[in-house]
Amino acid sequence: MTRIAQEDLAQSLADAFQFVSHHHPPDFVRALRRAWEAETHPPARAALEQLLVNSRLAARGRRPLCQDTGVGQVFLRVGCDVSFFRRDGQPARSLQAVADEGVRRAYRDPVNPLRATMVADPLGRRINTRDNTPAVVHCEIVEGDALEVLVVAKGGGGDVKARFATLNTSDNVADWVIDQLPGMGAGWCPPGTLGIGIGATPEQAMLLAKLSLFEPIDMDLLQARGASDAAEALRLEVHQRANALGIGAQGLGGISAVLDVKVRTAPCHAATLPVALVPNCAATRYVRFRLDGSGPARIEEPSENLWDGIADRFDMPDAIRVDLDRLDRAQVAQWRVGQTLLLTGRALTARDAAHKRLIDLLARGEPLPVDLRGRVVYYVGPVDAVGDEAVGPAGPTTATRMDRFVDTLMASTGLLAMIGKAERGPEAIKAIQRHGGAYLCATGGAAYLLSKSIRSARVVAFDDLGMEAIHEFEFVDFPVTVAVDSAGRTIHKFALAGF
């Protein structure tokens, strides 16, 4: 019988969540590099380069890869010959309580604080729990005398795009998966992996899809040797067809939206074919460890050679430099879809809650706390700053959540442009065209790199909203891609189709 101290499990979980906040798995970095080297479409290539630079900087600086530091997910495989105890002699706690303690320590770490994501009372007040608890815990009892743990920090962008269907047994799974991709848009921050779960029951199929995401990326090896069974044939087909859609990195076009496709199957009812689809994003974060009763886990760090040849900063000599403090509608009208801009000057931030308050004030005829005329708004909820940082990692959030506010704000306030990630819907694009504005894409999953281009930050309104308060950022060469220009042209392949 192996006896494992619950204090060791809690500390191992805390260490693991801290580690994955700033480290991609090595196989993901290598796959990202292969995609970058193969990409010829300039906007997608620039996005891939930013992701690689961000990966290197985050690992070196030990700061989050992405501002969405994820939901703490813990998968436990507990050997039948394992027992738990507490060193203080008190009764052992539930594994949920131990996992919550590990998450709490990690997300409240003063050296590298992580953004709390979890809210309680989801149908009511939706109050942030402040420490990212509760963890999502899955536990399986298996043979053996050890505890195997998979720790995952999964952001909202990927899970929100999950899909499920019960197909007819004669239906083609690859066809169903490819049909889902346009509607998923780019909010899941490609490039990444698609996980497909097939069989079992609906909830088990979803779990199979998610667990498949945490297997090593080996599509290059599978392509070289060919498929040996139906699951591998499905992987190859979906990978080829998905990338042929031309979604590309960050939805900007190109050849590498999907780095790998993973498949897990289980027996199912003879009359059903449950199929689940879950994507992993450019902020892929997970690690495994094993406890055998000898103490906390030691998580091995990859060699710095993993990032050899990757620069310490992103630079595009042919990018257009823009002074936001002198920006006017005539300059915005000159921007064209696909151009890379480097923004310098002051911008405001606002997300869902701040937008709702601004719209409510306008509806009541009350003055706004900030002047939006001639300004650019960045959709972002940053991580808290530490040390001499102006702001913590500060990558873009999904722009479509703000679509319903675009027309009113542009018409009533003189707002010129917005920065976010992924596509805009048809109504937002029409509003941007109608008011002669623009929508700019920042690279989702490159939050630490982007924060390096923010020289100062201060809250200017709605301080009670925390990370969703309106800030004023001072940019220096902040990189963006023109995604919707003043003529209503969009870089995102499926935006105008209503997805």
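No value in this document is a laboratory result; all are computed from the given coordinates. Keep in mind that what you see is a predicted model, and the values were worked out from it rather than measured. Note that we place each Cβ from the backbone using ideal geometry, even for glycine, and neighbour counts take in every protein chain shown.
Things worth noting here:
- Cα gyration tensor shape of the stretch 214-319, rounded if a/c is under 1.5, else prolate or oblate by comparing a/b with b/c: oblate
- Ignoring lysines fewer than eight residues from Lys210 along the same chain, the ones with Cα atoms less than 16 angstrom from its Cα are Lys154, Lys161, Lys262.
- Cut-off 20 Å (backbone N to label point 7 Å along Cα→Cβ of Glu37), residues of the stretch 219-236: 219-226
- A simple packing score, the average count of other Cβ atoms within 10 Å per residue, orders the peptides 216-222, 381-387 as 381-387, 216-222, with the highest score first.
- Shape of the chain, Cα gyration tensor, a/c cut at 1.5: prolate
- Think of each Lys and Arg Cβ as +1 and each Asp and Glu Cβ as -1; about the Cα centre, that makes the dipole of the chain roughly 1000 debye.
- Beta bridges per DSSP, both residues in the stretch 320-497: antiparallel share near 60 percent.
- Proximal charge balance of Ala224 [Cβ under 14 Å; K/R count +1, D/E count -1]: -1
- 16 Å cut-off, amide nitrogen to a point 7 angstrom out along Glu203 Cα→Cβ, residues in the stretch 114-156: 136-141
- Of the residues Gly445, Ala319, Leu348, the one whose Cα sits farthest towards the positive end of the charge dipole of the chain is Leu348 (charges of +1 on Lys and Arg Cβ, -1 on Asp and Glu Cβ, taken about the Cα centre).
- Among beta bridges from DSSP that stay inside the stretch 156-280, the antiparallel ones total about 55%.
- Cβ-based net charge around Gly144, under 13 Å, with every Lys or Arg adding one and every Asp or Glu removing one: -4
- Rounded if a/c under 1.5, otherwise prolate or oblate - the stretch 256-401, Cα gyration tensor axes: prolate
- The spacing between the stretch 201-263 and the stretch 80-95, judged by their C-alpha centroids, is 40 Å.
- Relative contact order (%) - criterion: Cα under 8 Å, at least six apart; region: the stretch 368-478: 28
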